[in-house]
Amino acid sequence: SKRKGRGQATLFTQSMLSDLRHARLIERELRAAILLDELELAYQPLFRADGALHACEALVRWRHPLRGLVPPSDFVPVAERSVMIDLLGEWVLRRACRDMLDFPGLIFGVNFAPSQFKRDSVVSMVETVLGETGADPSRLVIEITESMAMSDREDVRQRLEALRRLGVKIALDDFGAGFSGFAYLQSFPVDTIKIDRAFVSKLGTSHASDVMVTALVNVAHAYRVNVVAEGIETEEQHTLAKLAGAELFQGYLLDRPMGIAALKERYAVRTQSSGPKELASSGAA
Ligand code: C2E
Ligand code: MG
Ligand code: MG
Ligand code: MG
């Protein structure tokens, strides 16, 4: 993996993950971690083309007392195999909703795992957390990936519609990475797509890569959906993503994920407290 490549220890290797007993161990530890308050959220900013802060995305981390900071790739997939994902998902949403109150006006993105959409209860969970925290639904964007089972597409669509009726926005994450992105765009009510880093990182490397990103943007705009280019690491990628027509930009070049306190310190003064700003409507609007 990337992390190994950077010389950091990987906590759970693939072979360990495939070991059911090990998965059970992580599950137990994760349950304890939630009770012991060992999880935290890092927020990565999203910017408009003019450089203004538009939103942030909540990314979960596990501050393990012995193993240090554990990335989501090491425990979210394990949690997804059991009911732990519902506990984890609710913890993440509740923490993000509380942090929203600390940062008036800013839009907050929260990642939901595909398996959280397997039950109707996802809707009442979101409604309950919004009610309990008093967070403004119109500042919440739920990020879903296209890896959701196409078999229960109609159930998922209805749950997404119900979430939207609560006033929540939906973003299609990692767009283009799988086979079903376009089908999802056709059948699901989404407000935003996030073009996968795999495409963004190829910007500038070939004419075909640039055309590909422009095509993804144009398809999204045909559905009146806004476009985020994620994983921007170079000035060239930033420039080309703007040229391709994306409205929002996220990546290490622009800023890294950080705790809510750091986010407030860096950005709070620059943000109005007048509620979420609408983006200029996209292409086909
Ligand atoms: P994602 O939702 O696509 O989030 C973007 C990931 O890319 C984050 O990694 C972010 O730190 C990283 N990233 C951002 N900009 C750059 C860049 O310029 N270059 C590179 N190389 N990477 C960049 P992270 O935090 O490790 O999260 C990985 C994935 O784990 C997320 O992908 C998301 O699918 C999942 N995840 C994170 N938090 C949660 C959560 O609370 N719940 C669920 N269900 N999944 C989560
Ligand atoms: Mg995401
Ligand atoms: Mg993404
Ligand atoms: Mg991704």
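Taking Rh as the Kirkwood radius computed over C-alpha pairs, what is the Stokes-Einstein D of region 106-223 at 10 °C in a medium of viscosity 1.306 mPa s, expressed in µm² per second? Could you put the intermediate results ahead of the total?
Values: Rh = 15.1 Å.
D, rounded to a whole number, is 105 µm²/s.
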Item checked: Per-residue ³J(HN,Hα) for region 109-123, Karplus 6.51 cos²θ - 1.76 cosθ + 1.60, θ = phi - 60°, Hz, x for Gly and Pro -> x, 10, 7, 10, 6, x, 5, 5, 8, 6, 10, 4, 4, 4, 6
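From the C-alpha gyration tensor of region 155-227, pull out the three semi-axes of the equivalent ellipsoid (sqrt of 5λ each), sorted largest to smallest, in whole Å. Before the final figure, lay out the partial values.
Values: eigenvalues 134, 23, 20 Å².
Over the Cα atoms of region 155-227, the ellipsoid semi-axes are 26, 11, 10 Å.
Report the equivalent ellipsoid semi-axes for the chain in whole Å, largest first, defined as the square roots of five times the eigenvalues of the gyration tensor built from alpha carbon atoms. Could you put the intermediate results ahead of the total?
Working: eigenvalues 156, 100, 88 Å².
Semi-axes, largest first: 28, 22, 21 Å.
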Notebook entry, point to check: Ignoring ligands, DNA and RNA, what percent of the 1.4 Å accessible area of region 91-134 is carbon and sulfur?
Noted result: 48
Checklist line | Solvent-accessible heavy-atom area per residue, rounded to whole Å², over the chain at 1.4 Å | finding: 48
Checklist line | DSSP beta bridge pairing in the chain, given as percent antiparallel to the nearest 5 | finding: 40
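The values are calculated or read from the model by the stated rules, or taken from the named source; none is laboratory data. Small disclaimer: the values here were computed from a predicted structure and weren't measured. Surface accessibility is based on the protein's heavy atoms, side chains included, excluding ligands, DNA and RNA. Shrake-Rupley method; radii C 1.70, N 1.55, O 1.52, S 1.80 Å.
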